[in-house]
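Asks: Take this structure first; my questions come after.
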Amino acid sequence: MTSPSIRLGVLALPALVVFVAFWLLPMARLVAVGAGGPRGVAAYAAIVTDANYLSSLVSTVVLSIVVTFATLVVSGIAGMFLQRNRFPGRGLLVSLLTFPLAFPGVVVGFMVIMLAGRQGLIGSVTDALFGSKLVFAYSIAGLFLGYLYFSIPRVILTVMAAVEKLDGALEEAARSLGANGWQVLRDVIIPGLRPALISAGAICFATSMGAFGTAFTLATNINVLPITIYTEFTNYANFSIAAALSIVLGIITWAALAFARTLAGSTVAAAA
Amino acid sequence: MDDNAASVRLAGCAKTFPDGTQALKPLDLDIAAGETIVFLGPSGCGKTTLLRIIAGLTAPDLGGRVYFGDDEVTARPIERRNVGMVFQSYALFPNMSVLDNVAYGLRVRGVAGAERRAQAQRLLEMMQLGAFGERRIDQLSGGQRQRVALARALAVKPRVLLLDEPLTALDAKLRESLRVEIDRLLRSLGITSVYVTHDQGEAMALGDRIAVMSHGRVEQIGTPQDIYYRPASAFVADFIGTMNRVTGTRENAVLRLPGGALTLPSHAPASEHALFRPEDVRIVEPARGALRGTVVSAFFLGNLTRVVVDLGGAQSVIVDTLLRRSFAKGEAVGLDVDASSILVPGALRNAAGERAD
C-alpha cells in the first residue's frame, strides 16, 4: 500500500540523509569531542569556571546585545524615514545602505581599520587637529563599529517592509485623540513594528554572536567567543574545549532566537 | 445641545494635489452647531478630502480657512483641534484592550488612571459594551468594533465628530442597526457631526442636511427632502434615487411622447425632457392613461413591484407600484403622472454647471 505518508517519506528521504550526515552526526560528534578531552564532561563547565573563557563569553554576549540595540535604534529611525519620505536619490541611498550585505567580515574589518586604524582617516584628522592620533579600530569600539556596519543593512530592510505595512489610519486616530508625535511613536508605531523589530533583532544578535571575520581581521585584544574557539582549536589543538565552547555558543544563540520567536509570535497573535 | 459642539465654517477651501489634480474646488460651507451634515457622492468626488480638511489631516490650498465657532483652526494640526474621528477600518489600537482604547484620548490629556477608566466604562455602557472592557480588539465583531471606535471618539468630548464611511465595512443587516444607533446617539448628544458616505440611504436617514458632491464640487446642499424632491442639478437628479427621463416634442405645457402626452407643470421652462420618480407613476387601464406602453419586465420586491414599461421609440419608464397583481411581459398598460411631480430639466443646473443638457 502506497499511502500518501509513505510517498511523502520517500520524497523527504534526501533531506533526511543530508540532515543526518551534515547536521546530526557532526553535532553528535562535536558534543562527544567536547566531553571526550582530558577534562571529560567538565570541559562544558570550564566556560564558567575558567576566567578566560568566561570573560570571552560575557564580552561576546554584551557586545552582541549592545550592537543589537544600537542597530535597532539606528535602523528603526532610518528605515522609518526612508519608507515615509520620497526624495530624489532615495532609491540610490537605499541600495547603497544595503550594499554591505554582500561583504564578508574580513572586508568589514578592513574598512574599520581604514577608518579608525593607525593610518586611518579619523587618526589623521585628529592628528592634524589635536596633535594626537585617535585609534580605536583594535579595541572593542572598533569591533562594535564593524558589527554595527554589517548589521544595519539587514535590519533596515526589515524595518522598511514593516513600516510599509503599518495602518496609517491608526496614527491618524491617535492624533485625532490628541496624541503628539512622541505619543504616536510610543503607542502606535513601535507596537506596530514590534514583531519586526524582535525578529530582526534576534537575527542581528545571532549574527553578532557568531561573527568571526571582522574580529579576526581587527586582531583585537578582546577575545570574542568565535576567536577563542579558533585559537583553542588551531593554536593549542585543544579540541575538547573548542568543541564545548562551540556547543555553548550554539545553545545561547539558539535560545535567544527561540525566545524572540515566542515573543514575536505572541505579539502577532495579539495583533491579529 | 452639547456645550462643546462647535459650528464649522469653511471659507474658500480648495485642495490641489501635488500632481495637479484638483480634488476640491473652492468651497464655502457653514455647518451649524449640533447639526449632522452628510457629504454624499461617488468615490473620487472630494468628500473625503473635505472631511480631512475639517479634521486637520489635510491642509487646504493657500487662502482657504477653517473655523470652529469663532476660532480659526486652519493652521492647527488634528491633534490640537479636539475632533473625534471614526474610520471605515475602525482603526482601533490592537495592542490595547477595549477599555484602554476608549480611554486613550483621556490618557494623552493627562486624566488620572482611575478617572479615565471610569469615564471610558461609562461610554462603553452607553454603547451597550459595558462587559467588554477587558477584551482584546480581535475578540470583537465588526459592529462591536465600530461602536468601540465611536465611544473612543466621543470620550474626548470633541467639538466636531467626523465619520468617514463608518458603516461601509459592515454587512447589510448590521449596517442598518448600527445606523439607527448612530442616529439616536447623534440626536441625543446634539454633537456637530460630519458624515461621509457614498450610500444615499445612510445619507437620507442620518443627515439634517446633505451635501451632494461630484468632481470636487458641492452640487447641492439641503435637507434630504430638498435633495430628493427638488434636485438642483441633473447630476443630483440622476444620483439620488431612481429618476425617469423622457424626451419628446414640446407643445406649450404638454410634452408629446411616443406613447402619448404628459402635462407639465405650468411655467415649465422650455425643454424637451421631463423627469419623474418611479413611485410618482400610477398604472391605469391602457385606454385611460396619459401614456400607453407595454410591460418589458416586472420585479416583485415584496413591499412594491418595479415594472419597466416600454413607451416605444426606444424610451422606457420605470414604475414602482403598490398594486397587488402580477404583470406579464408584453401586457399593455396605461400610465399617469401628476404634473406637480414632474421636473423639467431647464429648471436644473446641468451637471457641469455650464454645458447645456
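The values are calculated or read from the model by the stated rules, or taken from the named source; none is laboratory data. Values in this document were obtained by computation on a predicted structure and should not be read as measured data. Every residue, glycine as well, gets a Cβ built from its backbone with ideal geometry; the counts of neighbours run over all protein chains shown.
Asks: State whether the residues of region B:164-171 include one that is hydrophobic (A, V, I, L, M, F, W, C) and either in a helix (DSSP H, G or I) or under 25 Å from B:Glu72 (Cβ atoms) (or both).
Replies: Initially, region B:164-171 is screened for residues hydrophobic (A, V, I, L, M, F, W, C), giving B:167, B:169-170.
In the following step, the residues that additionally are either in a helix (DSSP H, G or I) or under 25 Å from B:Glu72 (Cβ atoms) (or both) were identified as none.
Looking for residues that are hydrophobic (A, V, I, L, M, F, W, C) and either in a helix (DSSP H, G or I) or under 25 Å from B:Glu72 (Cβ atoms) (or both), one finds none in region B:164-171, hence no.
Asks: Only one of these is closer than 30 Å to B:Tyr90 by Cβ and buried (at least 17 other Cβ atoms within 10 Å of the Cβ): A:Ala196, A:Ala161, A:Ala137. Name it.
Replies: Checking each option against the conditions leaves just A:Ala196.
Asks: So, one more: Of all residues in region B:317-335, which are hydroxyl-bearing (Ser, Thr, Tyr) and closer than 17 Å to B:Gly241 by Cβ?
Replies: Initially, region B:317-335 is screened for residues hydroxyl-bearing (Ser, Thr, Tyr), giving B:321, B:326.
The answer is B:Thr321, and nothing else.
Asks: If you take the residues of region B:62-76 that are in a loop (DSSP other than H, G, I, E, B) and of a type in the set (A, V, I, L, M, F, W, C), which of them is nearest to the other protein chains (Cβ to nearest Cβ)?
Replies: B:Val73
Yes or no, residue by residue, for (1) more than 21 Å from A:Thr228 (Cβ to Cβ); (2) of a type in the set (A, V, I, L, M, F, W, C); (3) surrounded by fewer than 11 Cβ atoms within 10 Å (Cβ to Cβ):
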{"site": "A:Pro4", "(1), (2), (3)": "yes, no, yes"}
{"site": "A:Leu8", "(1), (2), (3)": "yes, yes, yes"}
{"site": "A:Trp23", "(1), (2), (3)": "yes, yes, yes"}
{"site": "A:Met27", "(1), (2), (3)": "no, yes, no"}
{"site": "A:Gly34", "(1), (2), (3)": "no, no, no"}
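Asks: Out of B:Ala118, B:Ala59, B:Ala131, report the one residue that is hydrophobic (A, V, I, L, M, F, W, C), within 30 Å of B:Asp28 (Cα to Cα) and more than 12 Å from chain A (Cβ to nearest Cβ).
Replies: B:Ala59
Asks: Confirm whether A:Thr228 is more than 13 Å from chain B (Cβ to nearest Cβ), in contact with a Phe, Trp or Tyr (Cβ under 7 Å, 6 or more places away or on another chain) and in a helix (DSSP H, G or I).
Replies: Considered against the rule, which asks whether it is more than 13 Å from chain B (Cβ to nearest Cβ), in contact with a Phe, Trp or Tyr (Cβ under 7 Å, 6 or more places away or on another chain) and in a helix (DSSP H, G or I), A:Thr228 comes out as yes.
Asks: OK, next. Show the residue pairs meeting these rules: Cβ distance below 9 Å; 6+ apart or different chains; first residue within region B:77-101 and more than 7 Å from chain A (Cβ to nearest Cβ) and over 18 Å from B:Pro60 (Cβ atoms); second residue of a type in the set (Asp, Glu) and part of a strand (DSSP E or B).
Replies: Filtered contacts from region B:77-101: B:Val86/B:Asp164; B:Gln88/B:Asp164.
Asks: Can you go through B:Leu27, B:Leu10, B:Leu40 and tell me which one is touching a Cys at 6+ places or on another chain (Cβ under 8 Å) and closer than 19 Å to B:Ser193 by Cα? Steps first, please.
Replies: Working: B:Leu10 fails: touching a Cys at 6+ places or on another chain (Cβ under 8 Å); B:Leu40 fails: touching a Cys at 6+ places or on another chain (Cβ under 8 Å).
Selected residue: B:Leu27, the only one of B:Leu27, B:Leu10, B:Leu40 that is touching a Cys at 6+ places or on another chain (Cβ under 8 Å) and closer than 19 Å to B:Ser193 by Cα.
Asks: Another question, then. Grab the helices (runs of 4 or more DSSP H) fully contained in region A:56-140, keeping just those with 3 or more residues being over 29 Å from A:Asp167 (Cα atoms) and touching a residue at least 40 places away in the same chain (Cβ under 8 Å).
Replies: By residue number, A:105-116.
Asks: Something else: Does B:Leu106 satisfy the condition of being within 14 Å of chain A (Cβ to nearest Cβ), farther than 13 Å from A:Arg175 by Cβ, in a loop (DSSP other than H, G, I, E, B) and in contact (Cβ under 8 Å) with a residue 40 or more places away in the chain?
Replies: Details: within 14 Å of chain A (Cβ to nearest Cβ): yes; farther than 13 Å from A:Arg175 by Cβ: yes; in a loop (DSSP other than H, G, I, E, B): no; in contact (Cβ under 8 Å) with a residue 40 or more places away in the chain: yes.
No, not satisfied.
Asks: If you take just the strands (runs of 3 or more DSSP E) that sit entirely in region B:265-309, which of them hold at least 2 residues that are of a type outside the set (A, V, I, L, M, F, W, C) and either surrounded by 18 or more Cβ atoms within 10 Å (Cβ to Cβ) or in contact (Cβ under 8 Å) with a residue 24 or more places away in the chain (or both)?
Replies: Here the list reads B:291-300.
Asks: Also, I was wondering about something else. Of the residues A:Phe19, A:Phe69, which single one is of a type in the set (Phe, Trp, Tyr) and at pLDDT 90 or above?
Replies: A:Phe69
Asks: Keeping to region A:158-193, report how many residues are facing another protein chain (nearest Cβ under 10 Å) and of a type in the set (Ser, Thr, Tyr).
Replies: So the answer is 1.
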